[in-house]
Amino acid sequence: MLNVAVVGMGWWGKTLISLMEKSPKFKVVKGVKRNPATEADFAREHKLEIISDYRAVLKDPAIQGVVLCTPHTLHTDQIIAAAEAGKHVFCEKPLSLTRADVVRAISAVNANKVALAVGHERRFEPPILDLMRTIQSGELGTPLQVEANFSQDKFLTLPADNWRLTAKEAPAGPLTATGVHILDLSVGVFGAADTVMCSVRQLGSHLANGDTLAAFVSFKNGGHALLTAILATPFDGRFAVYCSKGWLEVRDKAHPSTPKGWTLTKVVSGDQRTTVEYPPSSSVLANLEAFSDTAEGRAPYLVTQEEMIANIAALEAIIESARTGDKVKVN
Ligand SMILES: NC(=O)c1ccc[n+]([C@@H]2O[C@H](COP(=O)([O-])OP(=O)(O)OC[C@H]3O[C@@H](n4cnc5c(N)ncnc54)[C@H](O)[C@@H]3O)[C@@H](O)[C@H]2O)c1
């Protein structure tokens, strides 16, 4: 069992606490919030001490790991501080906003021999695990192209000055909210990206930072990904991989915070089509438990450090392309 502190107790921090307290693999010992008094009821209900000082958590020998659910620009330094204090790290996505920063974070993690996991729960969805296994088996031939969409309208009710709607914390609008998940899955299929083109527009809402993203990613191995992320339309989740001998498509029935299951369609050359229904399960908890397994030495983590770097390198290039309108080479 891993004793953890959850840092940042907003929407997602509280969601993760409620999941971890159901798991025998965790004990949530503390929460960190700048103003703990605002979450006094939650602290009582969840039998949790909330403090305001992250450094105190890092000095606490009873805490073995931190779960970072804070604004994006804080992630890199919080990962490094935790690693240097010998704490394992689960960090919400995106790990960093630049390749240089994620490399610094990963170097600190490795220098201090602690585990690093990232909030890309879509990797842990049972149909995505099956999709990745099928592609890796070679049964469908060469992967050619990804088409993916992760859209939702949850941010329409946020106050206009919320950090998640600012260009500093959320460059390229929907990219850091949802786009980064399907970018990560595409990296899982093709590896490192080579060039990107991206356009972000404000078309269907008051979200001045942009509500509609289209990105075109070319990978070093030749594959393409066409990515859509929209914050002004109801939830949609779709990840399809077209291969030389068939294709696969996962359709999500709901956002990962309220799982309702998935459909996996597989079409093999000759038009043999099968559709499998998957019952609801929490991929968010599966990811957290994989973090605990890695921290306690039971299993390697599914997302490799190479993939973490490749994802952020592509994300940085997409941000630059959205800003300039140019095709951008990935570092
Ligand atoms: N994996 C997913 O599907 C998923 C879903 C939602 C959010 N997230 C991620 O979770 C993280 C948090 O997002 P959220 O929606 O919960 O935001 P939020 O605004 O609801 O919560 C952020 C929390 O961080 C706190 N905070 C701000 N500055 C801080 C600081 N300097 N030190 C400590 N805490 C500080 C805020 O007080 C707040 O409690 C982001 O990285 C986001 O991308 C991931």
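A quick yes/no check of all residues on (1) in contact with a Lys or Arg (Cβ under 6 Å, 6 or more places away or on another chain); (2) within 15 Å of the ligand (Cβ to nearest atom):
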position: Pro279; (1), (2): no, no
position: Glu289; (1), (2): yes, yes
position: Thr294; (1), (2): no, no
position: Gly297; (1), (2): no, no
position: Thr304; (1), (2): no, no
position: Met308; (1), (2): no, yes
position: Asn311; (1), (2): no, yes
position: Ala322; (1), (2): no, no
position: Lys327; (1), (2): no, no
message: Can you find a residue that is out of contact with any Leu (no Cβ under 6 Å at 6 or more places or on another chain), free of Cβ contacts under 8 Å to residues at least 12 places away in the same chain and among the hydrophobic types (A, V, I, L, M, F, W, C) anywhere in the stretch 129-136?
response: yes
- request: Report whether or not Ala37 is surrounded by 11 or more Cβ atoms within 10 Å (Cβ to Cβ), more than 10 Å from the ligand (Cβ to nearest atom), over 25 Å from the mean Cα position of the chain (by Cα) and in a helix (DSSP H, G or I).
  value: no
message: Restricting to the stretch 154-185, name every residue that is aliphatic (A, V, I, L, M), in contact (Cβ under 8 Å) with a residue 24 or more places away in the chain, touching a Leu at 6+ places or on another chain (Cβ under 8 Å) and in a loop (DSSP other than H, G, I, E, B).
response: Ala172, Ala177
task: Go through the stretch 40-65 and give me each residue that's out of contact with any Lys or Arg (no Cβ under 7 Å at 6 or more places or on another chain), of a type in the set (A, V, I, L, M) and more than 15 Å from the ligand (Cβ to nearest atom).
output: Ala62
message: Can you tell me which residue is farthest from the ligand (Cβ to nearest atom) among those in the stretch 66-93 that are surrounded by fewer than 24 Cβ atoms within 10 Å (Cβ to Cβ) and among the small types (Gly, Ala, Ser)?
response: Gly86
message: Would you confirm, using the coordinates I've provided, whether Ala254 is assigned to a loop (DSSP other than H, G, I, E, B) and surrounded by fewer than 12 Cβ atoms within 10 Å (Cβ to Cβ)?
response: no
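No lab work stands behind these numbers, since they all come straight from the coordinates. If you're wondering where the values come from, they're calculated on a predicted model, not measured in any experiment. No Cβ is skipped: glycine too gets one built from the backbone with ideal geometry, and neighbour counts run over all protein chains shown.
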